[in-house]
Amino acid sequence: MENLVEIRNLKVEATTDAGRRLEIIKGIDLDIAPGEIVALIGESGSGKTTIALTIMGYARPGCRISGGSITVAGKNMVALGERQRAQVRGLEVSYVPQSAAAAFNPSKRIIDQVVEVTRIHRLMPLAQAREKAISLFRALSLPDPEGIGYRYPHQVSGGQLQRLAAAMALIADPKLVIFDEPTTALDVTTQIEVLRAFKAVMKKSGSAGVYVSHDLAVVAQIADRIVVLRGGEVQEVGNTADILSNARHPYTRELLSAFEPKARGASVVAVAESRPLLQVSGLIAGYGPTQADGLPLVRAVQEASLSLERGRNLGIIGESGCGKSTLARSIAGILPASAGKLTLDGRELARSARQRSREQLRELQIVFQHADTSLNPAKSIEEILGRPLKFYHGMKGKARDARIDELLDMVRLPKSLRSRTPAELSGGQKQRVNFARALAAEPKLIVCDEITSALDTVVAAAVIDLLKEMQRELALSYIFISHDLSVVEAICDEIVVMYNGRKVEEITPARSKVPQHPYSQLLFSSVPKLDPGWLDSLERDPELVKTYVHG
Amino acid sequence: MTTSTALSRRPSYRFSWVGMIGLSIILFWALVALLAPHIVPYPVGEIIDEDYFGPMSGKLLLGSDYLGRDMLSRIIMGARYTVGISLAAVCLACFSGAALGMAAAVIGGWFDTVLSRLLDALNSIPSKLSGLVIAAAVGSSLGVLVVMLAVIYTPGAYRFARSLAVNVNTMDYITVARTRGEGISYIVFSEILPNIIGPLLADFGIRFVFIVLLLSGLSFLGLGVQPPYADWGALVHENIGGLPFGAPAVIVPSLAIASLTISVNLLIDNLPKKIRDRSA
């Protein structure tokens with residue numbers, strides 16, 4: 001059988017701002033048979049999106065296809081002119097972007113954007129195109145298929161919008177659909193619905209697909225074949241089952257091992273005192289003008305109570321919008337709570353950080369998700385780490401220099417990074433500096449707000465290991481906020497599940513590791529597993545899904 | 001790899017030739033203004049030519065003005081006033097505007113609201129009009145001119161700095177600094193300023209050009225620099241009668257104003273760019 005896509009020795013070059021050429025794709029060969037779904041997997045910077053885009057004959061600004069050939073249904077996309085490529089795009093190859101929210105025009109009705117491809121290529125009359133769109137909406141199990149197209153993009157949820165973007169890609173019955181991380185921005189509970197819809201509609205249409213992702217478990221559910229990429233080169237190609245069960249390449253194994261459940265070491269620092277380190281009771285926090293009862297209009301956190309003992313870790317999980325980050329911000333005093341009591345190490349904490357003493361601020365540090373925005377790009381690593389040393393401990397000159405070296409050593413960074421600026425570091429290195437800055441204060445408690453979410457699987461695992469090590473050495477406690485259950489399980493002694501601003505359950509190993517609350521059960525069961533049959537065999541109580549999933 | 005790390009430590013800059021031309025013209029005028037008393041061929045006030053609006057000649061390189069004074073000497077001395085007054089005014093305007101703007105962004109609340117409305121009100125008066133009124137009311141000594149020009153251009157600098165600082169203020173590193181317990185002056189000058197200094201310098205350049213033009217305009221109308229001193233605007237005004245004769249006395253000061261403002265524009269549009277090629 002002839003292949004739908006044949007990529008031979010593909011090379012893509014980027015030009016840096018110094019005018020130097022850099023090869024980012026270094027000679028890739030790839031075949032896709034009609035109806036086959038191939039997954040491109042790898043860490044950020046591995047070239048997976050770049051390759052997917054070249055199949056449409058497109059290279060991002062500053063990049064250009066410098067060699068090789070890409071044959072799609074008999075046409076060499078590299079040799080075609082821009083006008084001829086436009087004829088292929090949307091009609092034979094179409095694209096589902098990572099963020100549908102950014103891909104839809106907010107000022108036009110959804111259906112007009114979905115049928116746009118049929119208008120551009122003059123495929124069918126408008127009424128017929130709309131009918132076809134509605135049947136696609138139905139196939140993608142969207143609610144109210146007749147009416148949903150007449151809404152504007154902001155009137156549907158993120159998961160629905162992602163499925164609508166797929167409908168846009170499928171409207172012209174393309175031979176190949178490129179999915180670029182389409183579920184990465186979604187909650188796990190929503191992700192399942194979207195994946196199921198994609199899988200069903202792809203099976204029905206018989207189109208081939210390229211699925212770009214960094215998540216091996218998601219890919220396992222949908223792909224026939226997996227291509228593992230790193231640094232613009234193919235590391236390993238194989239059938240999904242083969243890759244998952246007997247990966248040969250060490251890098252693939254590294255990716256796989258990041259999924260293995262890591263037991264939380266029982267090496268908890270002996271808890272001599274019974275007094276909890278942090279106690280939060282009846283905390284209410286939110287946004288908007290204050291109402292008559294003294295509470296804000298929108299209450300993002302409603303009466304949360306938790307307590308954390310010294311040397312132990314508390315995980316807070318929940319989907320986006322459940323109030324977990326707001327809770328972290330009120331504990332740190334960034335968003336002063338409207339009601340409730342905070343106690344750190346037996347002393348009451350003021351609700352606002354401005355009213356807390358310098359000593360209290362030092363003892364409780366917060367580390368944010370995005371290392372890019374939490375490190376000042378205009379300062380060197382030395383200045384960033386040196387400031388808390390001077391501010392809290394009055395360190396100067398040689399003593400401070402020595403301590404900066406010590407801190408860099410602690411987070412496993414070479415001393416040569418001292419004079420660099422954050423832009424010159426990788427994502428993982430930045431997150432380590434971010435963490436080292438919190439350590440510089442010598443705190444008792446560090447609040448970690450999604451600190452591994454922006455990192456690649458392998459890098460995130462290394463950061464988690466570092467956190468554990470620091471805990472053993474420095475008797476720290478963490479509050480670990482994440483939407484990723486596996487990360488939280490790897491490091492926390494207790495897990496708090498939040499839903500809609502409320503704490504729905506507290507899971508402690510002392511009682512049982514099995515969630516009791518229906519929402520927790522739904523959340524725990526929604527985390528994708530490496531088993532390729534997981535999605536098909538997963539059964540969810542429709543009532544439960546209706547109550548808790550708004551995707 | 002050792003060479004590459006050594007390279008990435010010392011950031012290299014790329015400076016386009018257009019920017020270099022701009023910079024060299026600015027440096028030329030700055031040098032002329034600094035050394036003016038030493039390089040003038042004739043005393044500024046002395047009548048040398050028996051003819052008025054004399055043409056360019058070997059003796060008088062740029063001809064003579066309406067009284068027969070040496071035009072080259074008057075241009076050289078005029079550079080002092082045009083460049084000096086404008087520079088003093090733009091420094092005052094940009095420093096106070098930027099400091100207030102950043103402080104307003106960081107402090108927020110009523111401080112921001114009151115200050116913003118106050119400066120908006122000031123901004124709503126047309127700059128030429130307020131310049132004319134103030135100059136007519138208080139007279140126009142050099143000090144008054146500097147302060148007046150600074151006051152007129154402060155609200156714009158404030159708005160610009162504030163809008164930049166508001167964006168930086170929402171970054172997580174500012175939140176980190178706040179939760180560390182840092183004071184307002186540290187946040188403004190150590191955390192925000194380094195990140196917005198580039199656009200602020202560009203704004204400084206544009207505002208300098210505006211001030212040169214306003215000052216020249218006021219002098220042209222007779223309300224700016226007063227005789228016996230004369231800046232370039234005043235020189236155009238004095239010699240406007242030479243226009244029908246095509247006298248160099250009216251063209252040369254106009255060219256001087258144009259060369260300074262255009263070169264400042266060229267420079268700020270082509271400031272040196274830092275090359276961020278990590279692997280180079």
_Failed item in (1) touching a residue at least 60 places away in the same chain (Cβ under 8 Å); (2) in contact with a helix residue (DSSP H, G or I) (Cβ under 8 Å, 6 or more places away or on another chain), with residue B:273 passing the rest_ = (2)
*Just give me the residues in the stretch A:397-451 being within 12 Å of chain B (Cβ to nearest Cβ), among the small types (Gly, Ala, Ser) and either buried (at least 19 other Cβ atoms within 10 Å of the Cβ) or assigned to a helix (DSSP H, G or I) (or both), in sequence order.*
A:416, A:423, A:438, A:440, A:441
*Provide a single number: the residues in the stretch B:20-60 that are within 28 Å of the chain's Cα centre (by Cα) and either charged (D, E, K, R) or part of a loop (DSSP other than H, G, I, E, B) (or both).*
5
*Just to be sure, is residue A:131 under 21 Å from residue A:193 (Cα atoms), over 30 Å from the mean Cα position of the chain (by Cα) and loosely packed, with under 15 Cβ neighbours inside 10 Å?*
no
*Of the residues in the stretch A:332-360, how many are within 23 Å of residue A:385 (Cβ to Cβ), without any contact (Cβ under 8 Å) to a residue 24 or more places away in the chain and either assigned to a helix (DSSP H, G or I) or more than 14 Å from chain B (Cβ to nearest Cβ) (or both)?*
3
*Out of B:187, B:240, B:197, B:192, which single residue is free of Cβ contacts under 8 Å to residues at least 24 places away in the same chain and within 14 Å of chain A (Cβ to nearest Cβ)?*
B:197
_Among the residues that make up the stretch A:367-376, is at least one of them at the interface with chain B (Cβ under 8 Å from one of its Cβ atoms) and over 25 Å from residue A:468 (Cβ atoms)?_
yes
*Matching option when the condition is closer than 21 Å to residue A:33 by Cα and crowded, with 20+ Cβ neighbours inside 10 Å, among A:237, A:227*: A:227
_Checking residue B:95 against (1) aromatic (Phe, Trp, Tyr); (2) under 22 Å from residue B:224 (Cβ atoms); (3) surrounded by fewer than 23 Cβ atoms within 10 Å (Cβ to Cβ), the condition it does not meet_ = (2)
*For the stretch A:377-396, which residues satisfy the criterion of being more than 20 Å from residue B:165 (Cα to Cα), crowded, with 18+ Cβ neighbours inside 10 Å and at the interface with chain B (Cβ under 9 Å from one of its Cβ atoms)?*
A:387, A:388, A:391, A:392
*Determine if the stretch B:219-232 includes at least one residue that is in contact with a Gly (Cβ under 7 Å, 6 or more places away or on another chain), surrounded by fewer than 18 Cβ atoms within 10 Å (Cβ to Cβ), more than 14 Å from chain A (Cβ to nearest Cβ) and in contact (Cβ under 8 Å) with a residue 24 or more places away in the chain.*
yes
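We did not get these values from a lab; they are worked out from the coordinates using the rules stated. What you see is a predicted model; the values in this text were computed from it and never measured. Backbone-built Cβ (ideal geometry, glycine too); neighbour counts: all protein chains shown.
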